[in-house]
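Readers should treat all values here as calculations from the given coordinates under stated rules, not as data from a laboratory. Keep in mind the model is a prediction, meaning the values are calculated, not measured. Backbone-built Cβ (ideal geometry, glycine too); neighbour counts: all protein chains shown.
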Amino acid sequence: DLARINALMFQAPIMASLMRKFLTRPPGRILEIGAGDGTFMLKVARRMARDWRQVELTMLDRIGLATPKLAADFAGLGWTIETITADVFDWAERADGRAFDAITVNLFLHHFNDAALLRLFSLLRPKAPLILATEPLRAGFALVAARILPAIGVNDVTRHDAVESVRAGFRG
Ligand SMILES: C[S@@+](CC[C@H](N)C(=O)[O-])C[C@H]1O[C@@H](n2cnc3c(N)ncnc32)[C@H](O)[C@@H]1O
């Protein structure tokens, strides 16, 4: 369901356009938080790889879902991946390695209230100069679109989650 929703919302092309706009030089290292099964970022990488070769991508999620096939798909683009299975807050409190050129995040920040977001951004601030986020728009038309998702056969969890995600989304 999430893969289809990402496609319907044009999340990968939107993220790719943000990357082109805000990262004017090819990045060496990117961190993705709340990366899920990694298929979203693979779609983004496919759009960027012609111009950005040899990117080191670190994908963090509290559920470890990456597969050898995923690593091979990225390798085919010239990108290397590292996966981290951890809660982002726990990881950010402890991690002190090399900084990243950017942190990317798709359909993740809306999980958190303002206090948690402030804490998250404060923890991530020393780790990269830039965060690129593609999140739900808290708007009437997005709520209507979320409510008609059953038309494409999404499951009960997604029916609930889509509406709640729009309500928890962002403006401005
Ligand atoms: C809506 S999914 C989005 C996944 C992916 N970005 C995508 O577009 O396919 C949100 C993801 O955030 C992860 N997540 C939620 N809270 C987390 C936390 N505190 N630390 C790390 N990952 C978390 C979940 O496991 C899930 O994979």
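Among the residues in segment 103-124, are any closer than 23 Å to residue 43 by Cα and away from the ligand (no atom under 14 Å from the Cβ)? Even if it seems obvious, please write down each step before you answer.
Taking segment 103-124 and keeping what is closer than 23 Å to residue 43 by Cα, we get 103-111.
With the extra rule that they be away from the ligand (no atom under 14 Å from the Cβ), the set shrinks to none.
Checking segment 103-124: not a single residue is closer than 23 Å to residue 43 by Cα and away from the ligand (no atom under 14 Å from the Cβ).
For residues that are assigned to a helix (DSSP H, G or I) and in contact with a strand residue (DSSP E or B) (Cβ under 8 Å, 6 or more places away or on another chain), tally how many sit in segment 106-125. Lay out the reasoning, then the answer.
Taking segment 106-125 and keeping what is assigned to a helix (DSSP H, G or I), we get 109-111, 114-125.
Restricting the remaining residues to those that are in contact with a strand residue (DSSP E or B) (Cβ under 8 Å, 6 or more places away or on another chain) gives 109-110, 121, 124.
Adding up the residues that qualify gives 4.
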**Message:** Can you pull out every residue in segment 36-59 that is buried (at least 17 other Cβ atoms within 10 Å of the Cβ) and under 21 Å from residue 125 (Cβ atoms)?
**Reply:** 57, 58, 59
**Prompt:** Among the residues of segment 144-158, how many are surrounded by fewer than 15 Cβ atoms within 10 Å (Cβ to Cβ) and within 16 Å of the ligand (Cβ to nearest atom)?
**Reply:** 3
**Prompt:** What residue, among those in segment 10-19 that are without any contact (Cβ under 8 Å) to a residue 60 or more places away in the chain and surrounded by 13 or more Cβ atoms within 10 Å (Cβ to Cβ), is nearest to the ligand (Cβ to nearest atom)?
**Reply:** 12
**Request:** May I ask you to list the residues in segment 74-105 that are more than 16 Å from the chain's Cα centre (by Cα) and part of a strand (DSSP E or B)?
**Result:** 80
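Which is buried (at least 16 other Cβ atoms within 10 Å of the Cβ), within 23 Å of residue 98 (Cβ to Cβ) and within 16 Å of the ligand (Cβ to nearest atom), of 5, 33?
33
Each row is one residue, and each column tells you yes or no for (1) of a type in the set (D, E, K, R); (2) at negative phi.
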{"site": "18", "(1), (2)": "no, yes"}
{"site": "30", "(1), (2)": "no, yes"}
{"site": "36", "(1), (2)": "no, no"}
{"site": "52", "(1), (2)": "no, yes"}
{"site": "59", "(1), (2)": "no, yes"}
{"site": "64", "(1), (2)": "no, yes"}
{"site": "76", "(1), (2)": "no, yes"}
{"site": "94", "(1), (2)": "yes, yes"}
{"site": "106", "(1), (2)": "no, yes"}
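For every residue, the table says whether it meets (1) among the aromatic types (Phe, Trp, Tyr); (2) within 16 Å of the ligand (Cβ to nearest atom).
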{"position": "63", "(1), (2)": "no, yes"}
{"position": "68", "(1), (2)": "no, no"}
{"position": "73", "(1), (2)": "no, yes"}
{"position": "84", "(1), (2)": "no, yes"}
{"position": "91", "(1), (2)": "yes, yes"}
{"position": "97", "(1), (2)": "no, no"}
